[in-house]
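The values are calculated or read from the model by the stated rules, or taken from the named source; none is laboratory data. Small disclaimer: the values here were computed from a predicted structure and weren't measured. Cβ placement follows ideal geometry from the backbone for every residue including glycine, while neighbour counts extend to all protein chains displayed. Calculation scope for accessible area: heavy atoms of the full protein, side chains included, ligands and nucleic acids excluded. Shrake-Rupley method; radii C 1.70, N 1.55, O 1.52, S 1.80 Å.
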Amino acid sequence: MSSDVRFTDFKSDKQPTWCPGCGDFGTMNGMMKALANTGNDPDNTFVVAGIGCSGKIGTYMHSYALHGVHGRALPVGTGVKIANPDLEVMVAGGDGDGYSIGAGHFVHAVRRNVDMTYVVMDNRIYGLTKGQASPTSREDFETSTTPDGSKQPPVNPLALALASGASFIAQSFSSDALRHAEIVQKAVEHDGFGFVNVFSPCVTFNDVDTYDYFRDSLVDVAEDDDYDPTDREQAKDAITDADKEYMGVLYQDKESVPYNERHGVEANKADIPDGAPEGAMDLVREFY
């Protein structure tokens, strides 16, 4: 941990190839600011990314990183954090990567409550494959593969997280730079699995869920003096409200006990002593 780290220290020398205006620029900047503001530095940070436009983020950030396979970023992040609890682990993905092929891993990562942060860039479209409906696309959203709309209700990722036993649920907007960074920072500081769904508009393939739409529609729960993010029932009402879309910390369990502490696996398993473990050679001889 260091107090001298700036968010620019997390920028790599690789130039992003995202489309001009892509929401992922703002999402990534907020992630880097959150890491710097919490005293982390590139040498103690591990970024795991899946497939999709969001999957490139590990290349654009200066840290330890792994670009995994579709929907499998969370299992890698879980393994890294359990093996080396001293690392700050941040997993990044998109709505297709996290809520479609990766949905099963999402549910179990949430309930395990491993102390890491999961940032999902939700643009409600498959952008990298040129504009197909994603799990969070609107029911009437027309694409090349759904010309009449998907005619399926979109996945509510916040509700899925709450039902899976999440200890921290938040939502942000990549264009609201200060608020977005603040929300991600709270997720990093949380003791447990910090989940942030980020509205990160796709300017190329989604002309419905635009910057203007989110600016006009989003309601920040922080502006409601009566909203208590530790009240699970109040959080459930906001998360399942079909008429409004919210941003901010929707739910947080302040008594959360992360996986490593609950299971007593807080030692760094990356420190392997010299030589084979006692009895290892006997085991080898038994099978060979």
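General remarks:
- The stretch 1-154, accessible area per residue, ligands and nucleic acids excluded (1.4 Å, Å²): 42
- Pairs spanning more than 26 Å between alpha-carbon atoms, out of 186/236; 14/186; 11/269; 81/186; 33/130: 14/186; 11/269; 33/130.
- Amide H contacts under 5 Å for residue 220, placed H, 5+ residues apart: 247
- Summarising the strand pairing of the stretch 139-288, around 35 percent of its internal DSSP beta bridges are antiparallel.
- Size check on the stretch 169-237: the Cα extents along the three principal axes, sorted descending, read 37, 24, 20 Å.
- D (Stokes-Einstein, µm²/s), Kirkwood Cα radius, the stretch 50-159, 1.306 mPa s at 10 °C: 109
- Restricting the calculation to Cα atoms, the chain yields a radius of gyration followed by a Dmax of 19.6, 69 Å.
- Rounded to 5, percent antiparallel among DSSP beta bridges of the chain: 20
- Interchain or long-range residues, amide H under 5 Å from residue 173's placed H: 180, 199
- Packing-based ranking, highest mean first, of 16-23, 86-93 given that Cβ atoms within 10 Å are counted: 86-93, 16-23
- Rg and Dmax of the stretch 1-57, both derived from C-alpha coordinates alone, stand at 11.9, 34 Å.
- Percent carbon-and-sulfur accessible area, the stretch 147-288, ignoring ligands, DNA and RNA, probe 1.4 Å: 47
- What the pair-distance distribution of the stretch 1-110 shows, using all Cα-Cα distances binned every 5 Å from zero, is 2, 13, 23, 24, 21, 12, 4, 1 percent.
- For the chain, the relative contact order works out to 19 percent when only alpha carbon pairs closer than 8 Å and six or more residues apart are counted.
- Ordered by solvent-accessible area of protein heavy atoms (1.4 Å probe), largest first, the residues 107, 203 come out as 203, 107.
- Per-peptide average of other Cβ atoms within 10 Å, ordering 278-286, 114-122, 216-224, 180-188 highest first: 114-122, 180-188, 216-224, 278-286
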